[in-house]
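Enquirer: One structure follows; several queries about it will come next.
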Amino acid sequence: MSKAIYPGSFDPVTFGHLDIITRSAAIFDELIVGVLNNSEKNALFSVDERVSMLKELTKENPNVTVDSFDGLLVDYMKKSGATIIVRGLRAVTDFEYELQIAQTNHVEYPKAETVFLTTNLKYSYLSSSIVREFAAYGGDITKFVPPQFVDRIYEKSNIKKQ
Ligand code: PNS
């Protein structure tokens, strides 16, 4: 049984994340979407809100669960039994940071293997911070995030849309 974790901040979840979730759920027997519980002061959504948004999006995927974790990813992996870390690679700019984290996690927990999925070309420019920035100025975010979350993102950004 392969048990993978797709960790991240997901603030907010984007079509790019959703694409990685769907594709990794088809590769691994079980997938945990792990929301990092960091006390980021500038976060748009609380961790509970992010978990509930992700649960709503993945409810039709029987092998996907959503959870939050504190502290080190490898500690959560030991607790949950996940041994594979899934990360999406958008461009070469992601690579250096991702390689460093993957290698550190492997040194800390040799059972942990990181698998990189190249993001769908359609979403290779997309990130949660781009969504937050666009929303903050009232820009159109409908191409970036699932439709049911668009209004909530504007509300959180204190933008009134009619
Ligand atoms: O979506 P993000 O913000 O790029 O995700 C980063 C994340 C959550 C995968 C990474 O910051 C992480 O795993 N944090 C948990 C703390 C940890 O284990 N750090 C060690 C990495 S060297």
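Enquirer: Report whether or not residue 25 is in a helix (DSSP H, G or I), over 20 Å from residue 130 (Cβ atoms) and open to solvent by less than 40 Å² (accessible area, probe 1.4 Å).
Expert: For residue 25, the condition - in a helix (DSSP H, G or I), over 20 Å from residue 130 (Cβ atoms) and open to solvent by less than 40 Å² (accessible area, probe 1.4 Å) - is met.
Enquirer: Within region 34-48, can one find any residue that is outside any helix (DSSP H, G or I), open to solvent by less than 30 Å² (accessible area, probe 1.4 Å), at pLDDT 95 or above and in contact with a Phe, Trp or Tyr (Cβ under 8 Å, 6 or more places away or on another chain)? Let's see the steps before the verdict.
Expert: Step one: list which residues in region 34-48 are outside any helix (DSSP H, G or I), which gives 34-46.
This time we only want the ones that are open to solvent by less than 30 Å² (accessible area, probe 1.4 Å), so: 34-35, 45.
In the following step, the residues that additionally are at pLDDT 95 or above were identified as 34-35, 45.
Filter once more, keeping what is in contact with a Phe, Trp or Tyr (Cβ under 8 Å, 6 or more places away or on another chain): 34-35.
Checking region 34-48: at least one residue is outside any helix (DSSP H, G or I), open to solvent by less than 30 Å² (accessible area, probe 1.4 Å), at pLDDT 95 or above and in contact with a Phe, Trp or Tyr (Cβ under 8 Å, 6 or more places away or on another chain).
Enquirer: Of the conditions (1) among the charged types (D, E, K, R); (2) open to solvent by less than 70 Å² (accessible area, probe 1.4 Å); (3) away from the ligand (no atom under 15 Å from the Cβ), residue 56 clears all except one; give me its number.
Expert: The single condition residue 56 does not satisfy is (2).
Enquirer: Okay, next question. Only one of (1) more than 24 Å from residue 126 (Cα to Cα); (2) part of a helix (DSSP H, G or I) is not met by residue 51, so which one is it?
Expert: With (1) more than 24 Å from residue 126 (Cα to Cα); (2) part of a helix (DSSP H, G or I) applied to residue 51, the lone miss is (1).
Enquirer: Something else about it: Got at least one residue in region 110-117 being closer than 20 Å to residue 20 by Cβ and open to solvent by less than 30 Å² (accessible area, probe 1.4 Å)?
Expert: Start the filter on region 110-117 by keeping residues that are closer than 20 Å to residue 20 by Cβ, which leaves 112-117.
Checking which are open to solvent by less than 30 Å² (accessible area, probe 1.4 Å) leaves us with 112, 117.
Within region 110-117, one or more residues are closer than 20 Å to residue 20 by Cβ and open to solvent by less than 30 Å² (accessible area, probe 1.4 Å).
Enquirer: In region 60-73, is there at least one residue being under 16 Å from residue 8 (Cα atoms), in contact with a strand residue (DSSP E or B) (Cβ under 7 Å, 6 or more places away or on another chain), part of a helix (DSSP H, G or I) and modelled with pLDDT of 95 or more?
Expert: Going through region 60-73, the residues under 16 Å from residue 8 (Cα atoms) turn out to be 64-73.
With the extra rule that they be in contact with a strand residue (DSSP E or B) (Cβ under 7 Å, 6 or more places away or on another chain), the set shrinks to 64-69, 73.
Of the ones still in play, those that are also part of a helix (DSSP H, G or I) are 73.
Now narrow it down to the ones that are modelled with pLDDT of 95 or more: 73.
Yes: region 60-73 contains one or more residues that are under 16 Å from residue 8 (Cα atoms), in contact with a strand residue (DSSP E or B) (Cβ under 7 Å, 6 or more places away or on another chain), part of a helix (DSSP H, G or I) and modelled with pLDDT of 95 or more.
Enquirer: Based on this model, can you work out whether residue 131 counts as more than 19 Å from residue 6 (Cα to Cα) and touching a residue at least 60 places away in the same chain (Cβ under 8 Å)?
Expert: On the way: more than 19 Å from residue 6 (Cα to Cα): yes; touching a residue at least 60 places away in the same chain (Cβ under 8 Å): yes.
For residue 131, the condition - more than 19 Å from residue 6 (Cα to Cα) and touching a residue at least 60 places away in the same chain (Cβ under 8 Å) - is met.
The values are calculated or read from the model by the stated rules, or taken from the named source; none is laboratory data. None of the values given here were measured: they were computed from a predicted structure. Backbone-built Cβ (ideal geometry, glycine too); neighbour counts: all protein chains shown. Ligands, DNA and RNA are stripped out before the accessible areas are found, and what is left, the full protein with its side chains, is counted by its heavy atoms. Shrake-Rupley method; radii C 1.70, N 1.55, O 1.52, S 1.80 Å.
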